[in-house]
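Okay, structure first, notes after.
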Amino acid sequence: MPAAAPRPDTSSRIDGRIDAVVHSGFAVLMVASAVRYVMRHSPADNLWTVALAAAVCALYAVTALLAHRRQPGERRRQLWLAWMIALVAAWAALVVVAPSFAWCSFAIFFLTRTAFRGPAAYVAGGATVAATAVGLFRMSEWTDVAMLLGPLAAGAMLTLIYDKIERGQEQLAASEREAGIAAERERVSREIHDTVTQGLASSLLLLEAAQRSWPDAANPDVRKATDVLRRNLADTRSLVHELSAPGLETAPLPEALEHAARQYVDAIRVQVTGDPRLLPSEVRHALLRVTQSAVANIKLHARADHASVTLGYLPDAVTLDVFDDGRGFDPGAVPSPSEKGGYGLRAMRQRVEQLGGELSVESAPGEGTIIAAQLPVSPPASSTKEAL
(Lines give C-alpha, C1' and ligand atoms only; values in the text may rest on other atoms or scores of the structure.)
Protein backbone atom coordinates (compact mmCIF):
# COMPACT_ATOMS: atom_id res chain seq x y z
CA MET A 1 0.00 0.00 0.00
CA PRO A 2 1.59 3.34 -0.98
CA ALA A 3 2.35 5.73 1.81
CA ALA A 4 -0.09 8.54 2.25
CA ALA A 5 1.09 11.96 1.24
CA PRO A 6 2.15 14.01 4.25
CA ARG A 7 -0.35 16.66 5.24
CA PRO A 8 0.86 20.13 6.13
CA ASP A 9 1.16 20.64 9.88
CA THR A 10 -0.78 23.80 10.67
CA SER A 11 0.51 24.02 14.23
CA SER A 12 4.10 23.73 12.99
CA ARG A 13 3.57 26.59 10.54
CA ILE A 14 2.09 28.77 13.30
CA ASP A 15 4.96 27.91 15.64
CA GLY A 16 7.40 28.78 12.87
CA ARG A 17 5.81 32.20 12.40
CA ILE A 18 5.89 32.88 16.14
CA ASP A 19 9.56 31.87 16.26
CA ALA A 20 10.33 34.19 13.34
CA VAL A 21 8.63 37.11 15.13
CA VAL A 22 10.50 36.37 18.39
CA HIS A 23 13.87 36.05 16.66
CA SER A 24 13.31 39.22 14.62
CA GLY A 25 12.27 41.06 17.77
CA PHE A 26 15.42 39.89 19.54
CA ALA A 27 17.61 41.15 16.69
CA VAL A 28 15.91 44.57 16.59
CA LEU A 29 16.02 44.99 20.36
CA MET A 30 19.66 43.91 20.57
CA VAL A 31 20.67 46.49 17.96
CA ALA A 32 18.61 49.23 19.63
CA SER A 33 19.96 48.34 23.08
CA ALA A 34 23.55 48.26 21.80
CA VAL A 35 23.16 51.70 20.19
CA ARG A 36 21.64 53.08 23.39
CA TYR A 37 24.46 51.64 25.50
CA VAL A 38 27.24 52.91 23.23
CA MET A 39 25.75 56.40 23.20
CA ARG A 40 25.48 56.54 27.00
CA HIS A 41 28.86 55.07 28.00
CA SER A 42 32.52 55.74 27.35
CA PRO A 43 34.53 53.76 24.79
CA ALA A 44 36.42 52.03 27.60
CA ASP A 45 33.14 50.61 28.91
CA ASN A 46 31.83 49.80 25.44
CA LEU A 47 34.50 47.33 24.40
CA TRP A 48 33.88 44.44 26.78
CA THR A 49 30.14 44.98 27.01
CA VAL A 50 29.70 45.03 23.24
CA ALA A 51 31.91 41.91 23.00
CA LEU A 52 29.68 40.17 25.56
CA ALA A 53 26.58 41.29 23.64
CA ALA A 54 28.07 39.87 20.44
CA ALA A 55 28.73 36.58 22.23
CA VAL A 56 25.11 36.50 23.38
CA CYS A 57 23.94 37.12 19.81
CA ALA A 58 26.12 34.27 18.54
CA LEU A 59 24.88 31.90 21.23
CA TYR A 60 21.28 32.90 20.51
CA ALA A 61 21.73 32.24 16.79
CA VAL A 62 23.22 28.79 17.44
CA THR A 63 20.53 27.74 19.91
CA ALA A 64 17.72 29.06 17.70
CA LEU A 65 19.16 27.15 14.73
CA LEU A 66 19.46 23.94 16.77
CA ALA A 67 15.88 24.40 18.00
CA HIS A 68 14.67 24.74 14.41
CA ARG A 69 16.54 21.60 13.34
CA ARG A 70 15.80 19.63 16.49
CA GLN A 71 15.25 15.94 15.84
CA PRO A 72 14.84 12.91 18.11
CA GLY A 73 18.17 11.85 19.49
CA GLU A 74 19.68 12.15 22.93
CA ARG A 75 23.07 13.38 21.72
CA ARG A 76 21.60 16.20 19.62
CA ARG A 77 19.33 17.25 22.47
CA GLN A 78 22.22 17.30 24.97
CA LEU A 79 24.22 19.47 22.58
CA TRP A 80 21.33 21.91 22.24
CA LEU A 81 20.78 22.09 26.00
CA ALA A 82 24.49 22.78 26.56
CA TRP A 83 24.34 25.74 24.18
CA MET A 84 21.14 26.92 25.86
CA ILE A 85 22.75 26.86 29.32
CA ALA A 86 25.69 28.86 27.97
CA LEU A 87 23.28 31.41 26.47
CA VAL A 88 21.38 31.87 29.74
CA ALA A 89 24.62 32.33 31.67
CA ALA A 90 26.01 34.85 29.17
CA TRP A 91 22.70 36.72 29.04
CA ALA A 92 22.51 36.93 32.84
CA ALA A 93 25.98 38.42 32.96
CA LEU A 94 25.17 40.91 30.18
CA VAL A 95 21.91 42.21 31.62
CA VAL A 96 23.44 42.66 35.09
CA VAL A 97 26.42 44.56 33.70
CA ALA A 98 24.42 46.50 31.11
CA PRO A 99 20.69 46.82 31.99
CA SER A 100 20.13 48.60 28.66
CA PHE A 101 19.78 45.10 27.14
CA ALA A 102 16.95 44.12 29.50
CA TRP A 103 14.30 44.44 26.76
CA CYS A 104 15.72 41.39 25.05
CA SER A 105 14.75 39.24 28.03
CA PHE A 106 11.42 38.32 26.42
CA ALA A 107 13.07 36.46 23.55
CA ILE A 108 15.49 34.70 25.90
CA PHE A 109 12.60 33.66 28.14
CA PHE A 110 10.60 32.11 25.27
CA LEU A 111 13.68 30.32 23.98
CA THR A 112 14.34 28.78 27.40
CA ARG A 113 10.76 27.49 27.56
CA THR A 114 11.26 25.93 24.15
CA ALA A 115 14.49 24.27 25.22
CA PHE A 116 13.52 22.90 28.63
CA ARG A 117 10.67 20.93 30.16
CA GLY A 118 9.60 20.45 33.75
CA PRO A 119 11.64 21.93 36.62
CA ALA A 120 14.53 22.85 34.29
CA ALA A 121 12.21 25.19 32.36
CA TYR A 122 11.26 27.04 35.54
CA VAL A 123 14.91 27.29 36.64
CA ALA A 124 16.10 28.63 33.26
CA GLY A 125 13.18 31.04 32.92
CA GLY A 126 13.57 32.13 36.53
CA ALA A 127 17.28 32.80 36.03
CA THR A 128 16.50 35.01 33.03
CA VAL A 129 13.85 36.97 34.94
CA ALA A 130 15.98 37.30 38.07
CA ALA A 131 18.98 38.59 36.11
CA THR A 132 16.75 41.16 34.40
CA ALA A 133 15.32 42.29 37.74
CA VAL A 134 18.77 42.64 39.29
CA GLY A 135 20.07 44.56 36.26
CA LEU A 136 17.20 47.06 36.28
CA PHE A 137 17.39 47.43 40.07
CA ARG A 138 21.11 48.14 39.73
CA MET A 139 20.40 50.72 37.01
CA SER A 140 18.15 52.55 39.51
CA GLU A 141 21.12 52.59 41.90
CA TRP A 142 19.33 50.10 44.13
CA THR A 143 16.55 52.52 45.04
CA ASP A 144 13.55 51.82 42.79
CA VAL A 145 11.80 48.69 44.10
CA ALA A 146 9.48 48.72 41.09
CA MET A 147 12.50 47.98 38.88
CA LEU A 148 13.06 44.85 40.97
CA LEU A 149 9.47 43.65 41.35
CA GLY A 150 8.26 44.52 37.83
CA PRO A 151 10.32 41.89 35.95
CA LEU A 152 9.55 39.28 38.61
CA ALA A 153 5.80 39.87 38.29
CA ALA A 154 5.98 39.88 34.49
CA GLY A 155 7.98 36.64 34.54
CA ALA A 156 5.43 34.98 36.82
CA MET A 157 2.55 36.00 34.54
CA LEU A 158 4.37 34.83 31.41
CA THR A 159 5.12 31.50 33.09
CA LEU A 160 1.46 30.95 33.97
CA ILE A 161 0.33 31.90 30.46
CA TYR A 162 2.93 29.66 28.85
CA ASP A 163 1.98 26.73 31.10
CA LYS A 164 -1.69 27.14 30.18
CA ILE A 165 -0.85 27.20 26.47
CA GLU A 166 1.27 24.06 26.84
CA ARG A 167 -1.51 22.22 28.66
CA GLY A 168 -3.95 23.18 25.92
CA GLN A 169 -1.57 21.90 23.27
CA GLU A 170 -1.09 18.62 25.14
CA GLN A 171 -4.84 18.12 25.47
CA LEU A 172 -5.33 18.85 21.78
CA ALA A 173 -2.54 16.43 20.85
CA ALA A 174 -4.09 13.73 23.07
CA SER A 175 -7.49 14.24 21.42
CA GLU A 176 -5.97 14.02 17.96
CA ARG A 177 -4.02 10.91 18.96
CA GLU A 178 -7.15 9.17 20.27
CA ALA A 179 -9.04 10.11 17.12
CA GLY A 180 -6.22 8.67 15.03
CA ILE A 181 -6.23 5.45 17.06
CA ALA A 182 -9.98 5.08 16.57
CA ALA A 183 -9.68 5.67 12.83
CA GLU A 184 -6.83 3.17 12.53
CA ARG A 185 -8.76 0.53 14.44
CA GLU A 186 -11.73 1.05 12.11
CA ARG A 187 -9.42 0.65 9.11
CA VAL A 188 -7.85 -2.53 10.49
CA SER A 189 -11.29 -3.99 11.23
CA ARG A 190 -12.33 -3.40 7.62
CA GLU A 191 -9.12 -4.99 6.33
CA ILE A 192 -9.61 -8.07 8.54
CA HIS A 193 -13.24 -8.37 7.49
CA ASP A 194 -12.48 -8.01 3.79
CA THR A 195 -9.53 -10.45 3.79
CA VAL A 196 -9.17 -12.89 6.71
CA THR A 197 -12.86 -13.22 7.61
CA GLN A 198 -13.96 -13.69 4.01
CA GLY A 199 -11.17 -16.21 3.44
CA LEU A 200 -12.13 -18.22 6.52
CA ALA A 201 -15.79 -18.21 5.50
CA SER A 202 -14.94 -19.43 1.99
CA SER A 203 -12.68 -22.18 3.37
CA LEU A 204 -15.43 -23.29 5.75
CA LEU A 205 -17.91 -23.59 2.89
CA LEU A 206 -15.42 -25.67 0.88
CA LEU A 207 -14.75 -28.00 3.82
CA GLU A 208 -18.47 -28.49 4.46
CA ALA A 209 -18.98 -29.34 0.80
CA ALA A 210 -16.04 -31.76 0.91
CA GLN A 211 -17.44 -33.42 4.05
CA ARG A 212 -20.58 -34.37 2.13
CA SER A 213 -18.66 -35.96 -0.73
CA TRP A 214 -15.60 -37.58 0.87
CA PRO A 215 -15.55 -41.16 2.15
CA ASP A 216 -16.90 -41.81 5.63
CA ALA A 217 -13.41 -42.68 6.91
CA ALA A 218 -12.27 -39.10 6.32
CA ASN A 219 -15.31 -37.50 7.89
CA PRO A 220 -13.99 -37.32 11.52
CA ASP A 221 -10.88 -35.44 10.47
CA VAL A 222 -12.83 -33.17 8.15
CA ARG A 223 -15.42 -32.54 10.88
CA LYS A 224 -12.65 -31.65 13.34
CA ALA A 225 -11.05 -29.25 10.85
CA THR A 226 -14.48 -27.74 10.17
CA ASP A 227 -15.09 -27.18 13.88
CA VAL A 228 -11.69 -25.53 14.33
CA LEU A 229 -12.25 -23.31 11.33
CA ARG A 230 -15.74 -22.38 12.54
CA ARG A 231 -14.35 -21.35 15.93
CA ASN A 232 -11.59 -19.32 14.28
CA LEU A 233 -14.17 -17.60 12.10
CA ALA A 234 -16.26 -16.74 15.16
CA ASP A 235 -13.20 -15.37 16.98
CA THR A 236 -12.23 -13.30 13.95
CA ARG A 237 -15.71 -11.87 13.61
CA SER A 238 -15.70 -11.06 17.32
CA LEU A 239 -12.37 -9.26 16.88
CA VAL A 240 -13.74 -7.26 13.95
CA HIS A 241 -16.78 -6.34 16.01
CA GLU A 242 -14.64 -5.19 18.95
CA LEU A 243 -12.39 -3.14 16.70
CA SER A 244 -15.11 -1.45 14.70
CA ALA A 245 -18.13 -1.33 17.00
CA PRO A 246 -17.91 1.15 19.86
CA GLY A 247 -19.77 -1.15 22.28
CA LEU A 248 -16.84 -2.37 24.33
CA GLU A 249 -15.02 0.94 24.12
CA THR A 250 -17.95 3.13 25.13
CA ALA A 251 -19.72 0.89 27.64
CA PRO A 252 -18.85 1.21 31.34
CA LEU A 253 -15.56 -0.60 31.79
CA PRO A 254 -16.80 -3.28 34.25
CA GLU A 255 -19.62 -4.13 31.83
CA ALA A 256 -17.20 -4.28 28.90
CA LEU A 257 -14.82 -6.54 30.84
CA GLU A 258 -17.65 -8.87 31.85
CA HIS A 259 -18.89 -9.05 28.26
CA ALA A 260 -15.37 -9.87 27.05
CA ALA A 261 -14.81 -12.51 29.77
CA ARG A 262 -18.16 -14.25 29.19
CA GLN A 263 -17.18 -15.03 25.63
CA TYR A 264 -15.09 -17.80 27.22
CA VAL A 265 -16.52 -18.45 30.73
CA ASP A 266 -20.28 -17.95 31.03
CA ALA A 267 -20.59 -17.63 34.82
CA ILE A 268 -17.70 -15.22 35.41
CA ARG A 269 -18.40 -11.96 37.27
CA VAL A 270 -16.51 -8.68 37.49
CA GLN A 271 -16.10 -7.00 40.88
CA VAL A 272 -15.13 -3.34 41.26
CA THR A 273 -13.21 -1.69 44.09
CA GLY A 274 -12.48 2.01 44.49
CA ASP A 275 -14.19 4.91 42.77
CA PRO A 276 -14.75 4.33 39.01
CA ARG A 277 -13.55 7.15 36.76
CA LEU A 278 -12.63 7.90 33.17
CA LEU A 279 -9.57 6.07 31.87
CA PRO A 280 -7.45 6.74 28.77
CA SER A 281 -8.56 4.72 25.75
CA GLU A 282 -5.25 2.86 25.52
CA VAL A 283 -5.57 1.74 29.17
CA ARG A 284 -9.16 0.54 28.60
CA HIS A 285 -8.07 -1.36 25.52
CA ALA A 286 -5.18 -3.03 27.37
CA LEU A 287 -7.46 -4.09 30.24
CA LEU A 288 -9.94 -5.60 27.78
CA ARG A 289 -7.26 -7.55 25.95
CA VAL A 290 -5.62 -8.83 29.15
CA THR A 291 -9.02 -9.96 30.43
CA GLN A 292 -9.82 -11.76 27.19
CA SER A 293 -6.45 -13.50 27.05
CA ALA A 294 -6.44 -14.49 30.73
CA VAL A 295 -10.01 -15.86 30.68
CA ALA A 296 -9.32 -17.69 27.40
CA ASN A 297 -6.42 -19.45 29.16
CA ILE A 298 -8.79 -20.41 32.00
CA LYS A 299 -11.15 -22.07 29.50
CA LEU A 300 -8.35 -23.83 27.61
CA HIS A 301 -6.05 -24.96 30.40
CA ALA A 302 -7.28 -24.38 33.96
CA ARG A 303 -10.21 -26.81 34.32
CA ALA A 304 -11.52 -24.40 36.95
CA ASP A 305 -14.82 -24.53 38.83
CA HIS A 306 -14.85 -20.83 39.63
CA ALA A 307 -13.26 -17.73 38.10
CA SER A 308 -13.55 -14.02 38.78
CA VAL A 309 -12.26 -10.67 37.59
CA THR A 310 -11.59 -7.76 39.96
CA LEU A 311 -11.14 -4.22 38.67
CA GLY A 312 -9.61 -1.79 41.16
CA TYR A 313 -9.32 1.99 40.97
CA LEU A 314 -6.40 3.50 42.92
CA PRO A 315 -5.55 7.23 43.15
CA ASP A 316 -2.85 6.99 40.48
CA ALA A 317 -3.35 3.52 38.97
CA VAL A 318 -5.89 0.90 37.93
CA THR A 319 -5.52 -2.80 38.75
CA LEU A 320 -6.93 -5.95 37.18
CA ASP A 321 -6.89 -9.36 38.91
CA VAL A 322 -8.09 -12.49 37.08
CA PHE A 323 -8.49 -15.48 39.44
CA ASP A 324 -9.35 -19.12 38.90
CA ASP A 325 -9.34 -22.16 41.21
CA GLY A 326 -8.11 -24.52 38.49
CA ARG A 327 -5.17 -26.87 38.35
CA GLY A 328 -2.56 -24.09 38.26
CA PHE A 329 1.00 -24.34 36.94
CA ASP A 330 4.57 -23.38 37.69
CA PRO A 331 5.17 -19.88 36.18
CA GLY A 332 8.92 -20.51 36.17
CA ALA A 333 8.53 -23.62 34.04
CA VAL A 334 6.42 -22.10 31.27
CA PRO A 335 8.00 -23.12 27.94
CA SER A 336 9.06 -20.52 25.41
CA PRO A 337 6.48 -19.60 22.76
CA SER A 338 6.42 -22.03 19.86
CA GLU A 339 4.17 -23.22 17.05
CA LYS A 340 2.05 -24.98 19.71
CA GLY A 341 1.29 -21.72 21.53
CA GLY A 342 2.61 -20.09 24.66
CA TYR A 343 2.30 -16.52 23.44
CA GLY A 344 -0.55 -15.48 25.75
CA LEU A 345 1.38 -14.56 28.91
CA ARG A 346 4.15 -12.87 26.96
CA ALA A 347 1.65 -10.82 24.92
CA MET A 348 -0.19 -9.73 28.08
CA ARG A 349 3.05 -8.72 29.77
CA GLN A 350 4.26 -6.75 26.74
CA ARG A 351 0.91 -4.98 26.38
CA VAL A 352 0.95 -3.88 30.04
CA GLU A 353 4.63 -2.91 30.14
CA GLN A 354 4.29 -0.80 26.99
CA LEU A 355 1.98 1.47 29.01
CA GLY A 356 4.39 1.64 31.96
CA GLY A 357 2.57 -0.99 34.01
CA GLU A 358 3.44 -4.30 35.63
CA LEU A 359 2.00 -7.80 35.22
CA SER A 360 2.56 -10.64 37.66
CA VAL A 361 1.47 -14.28 37.72
CA GLU A 362 0.88 -16.14 40.98
CA SER A 363 0.27 -19.85 40.56
CA ALA A 364 1.32 -23.32 41.66
CA PRO A 365 0.24 -26.80 40.57
CA GLY A 366 -3.13 -27.59 42.10
CA GLU A 367 -3.57 -24.13 43.70
CA GLY A 368 -5.21 -22.04 41.00
CA THR A 369 -3.87 -18.91 39.30
CA ILE A 370 -3.99 -15.14 39.77
CA ILE A 371 -2.94 -12.86 36.92
CA ALA A 372 -2.51 -9.33 38.27
CA ALA A 373 -1.94 -6.20 36.16
CA GLN A 374 -1.40 -2.64 37.34
CA LEU A 375 -1.38 0.31 34.96
CA PRO A 376 -0.53 3.91 35.91
CA VAL A 377 -3.11 6.62 35.24
CA SER A 378 -3.32 10.28 36.13
CA PRO A 379 -5.02 11.06 39.44
CA PRO A 380 -8.66 12.14 38.96
CA ALA A 381 -9.16 15.88 38.59
CA SER A 382 -12.66 15.61 40.07
CA SER A 383 -15.05 13.06 41.47
CA THR A 384 -16.56 12.38 38.03
CA LYS A 385 -17.73 8.77 37.79
CA GLU A 386 -16.85 6.74 34.77
CA ALA A 387 -19.45 7.01 32.06
CA LEU A 388 -17.50 5.49 29.23
query = What do the square roots of 5 times the Cα gyration tensor eigenvalues come to for region 115-172, in whole Å, largest first, as semi-axes of the equivalent ellipsoid?
reply = 28, 12, 5
Length-normalised contact order of region 265-330 in % [C-alpha pairs under 8 Å, at least 6 apart] = 39
message = If I ignore ligands, DNA and RNA and count only protein heavy atoms, how much of W83 is accessible to a 1.4 Å probe, in Å² to the nearest 10?
response = 90
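Let me know the charge dipole size of region 250-334 about its Cα centre in debye, to the nearest 20, where only the beta-carbon of Lys, Arg (+1) and Asp, Glu (-1) is charged.
220
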note = Semi-axes of region 256-305 from the Cα gyration tensor (sqrt of 5 times each eigenvalue, largest first, whole Å) come to 22, 13, 8
key: Neighbourhood charge, 15 Å Cβ-Cβ cut-off, centred on R138 and excluding it, Lys, Arg +1 and Asp, Glu -1   = -2
request  = Could you order peptides 163-172, 286-295 by the average number of other Cβ atoms within 10 Å of their residues, highest first?
outcome  = 286-295, 163-172
task = Evaluate E = 1/(1 + (r/R0)^6) for L172 and V145, where r is the Cβ-Cβ distance and R0 equals 30 Å; express this FRET efficiency to the nearest 0.05.
result = 0.15
request  = Please work out how much accessible surface L314 shows to a 1.4 Å probe, ignoring ligands, DNA and RNA, in Å² rounded to 10.
outcome  = 70
message = Considering just Cα atoms, how many Å³ per residue does the convex hull of region 80-129 enclose?
response = 57
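The values are calculated or read from the model by the stated rules, or taken from the named source; none is laboratory data. All values reported here derive from a predicted model rather than from experimental measurement. Note that each Cβ is placed from the backbone with ideal geometry, even for glycine, and that neighbours are counted across all protein chains shown. All accessible areas refer to the heavy atoms of the entire protein, side chains included, with ligands and DNA or RNA removed. Shrake-Rupley method; radii C 1.70, N 1.55, O 1.52, S 1.80 Å.
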